[in-house]
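FYI, it's all coordinate maths here, none of it is from the lab. Quantities reported herein were computed from a predicted structural model and do not represent experimental measurements. So basically every Cβ, Gly included, is an ideal-geometry build from the backbone, and we count neighbours across all protein chains shown.
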Amino acid sequence: MKKIFMVSGLIMILGLIALPLEAKEVRGLMKPIAPLMIEHRLIERMVGVMEDYVTSTRGDKKVNPAFVDAVLDFFRTYGDKTHHGKEEAILFTALAKKNLSPDHKKMLDNLIDDHVQARKLIAKLAEANKKYVKGNADAGNDIIAYLKTLTVLYRKHIELEDKHFFIPSLGYFTKDEMNSMLNDMWEYDRTMIHIKYREVVGQAKEMISR
């Protein structure tokens, strides 16, 4: 019986129930960490694909630039702008206004630093891919190294958030504050597709004006 109650409680925390996430009745049950933890599952899937790819190279510095481009697009748009963006603009900003315990403050600072490090790695990966496409075969080694580092960073980052930070962080908020953050997250996601394709149009314009 205890197991049933524990599982039910976790489902309520995450909001992972078999209904469309946009439904108002579901939003009423969800917590603001739910969308973030759901996004973690997709990020973990991409990390797994990257790990499989690195293993498949078996130390060969020959890489597939199209695969790297797919990784770059995923982490720039989904991993950073969509996921990290919500964390930083909504949850982390709200937590920064609270009187956090020393442990939670240290974890928050570490998580923000992880975001910074991830952006730097993505930039390095993009630069290495450009070099590789231009004929620098040695850049293949750098690409593999950056992919490996990214997978390690995201595995540790997600574990820290999911298992040690997210659920305790809810204790700093009232129910109304949590509902407000959740609504802000829905609105943030709603506008992301428009931001993405405004950037695509801008990039296309730059291409024809060169």
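Looking only at residues in segment 37-51 that are under 11 Å from the mean Cα position of the chain (by Cα) and farther than 16 Å from Arg76 by Cα, the one that is surrounded by the fewest Cβ atoms within 10 Å (Cβ to Cβ) is Arg41. Every condition in (1) surrounded by 18 or more Cβ atoms within 10 Å (Cβ to Cβ); (2) within 20 Å of Lys163 (Cα to Cα) holds for Asn129 except the one numbered (2).
Return a yes/no flag: does segment 151-171 have any residue that is closer than 20 Å to Ala70 by Cα and of a type in the set (Val, Ile, Thr).
Restricting attention to segment 151-171, the residues satisfying the condition of being closer than 20 Å to Ala70 by Cα are 151-155.
Subset that is of a type in the set (Val, Ile, Thr): 151-152.
Yes, the conditions are met somewhere in segment 151-171.
One line per residue, one yes/no per condition, for (1) touching a residue at least 12 places away in the same chain (Cβ under 8 Å); (2) of a type in the set (Gly, Ala, Ser):
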residue: Leu108; (1), (2): yes, no
residue: Ala126; (1), (2): yes, yes
residue: Ala145; (1), (2): no, yes
residue: Leu150; (1), (2): yes, no
residue: Ile158; (1), (2): yes, no
residue: Asp162; (1), (2): yes, no
residue: Pro168; (1), (2): yes, no
residue: Met181; (1), (2): yes, no
residue: Ile193; (1), (2): no, no
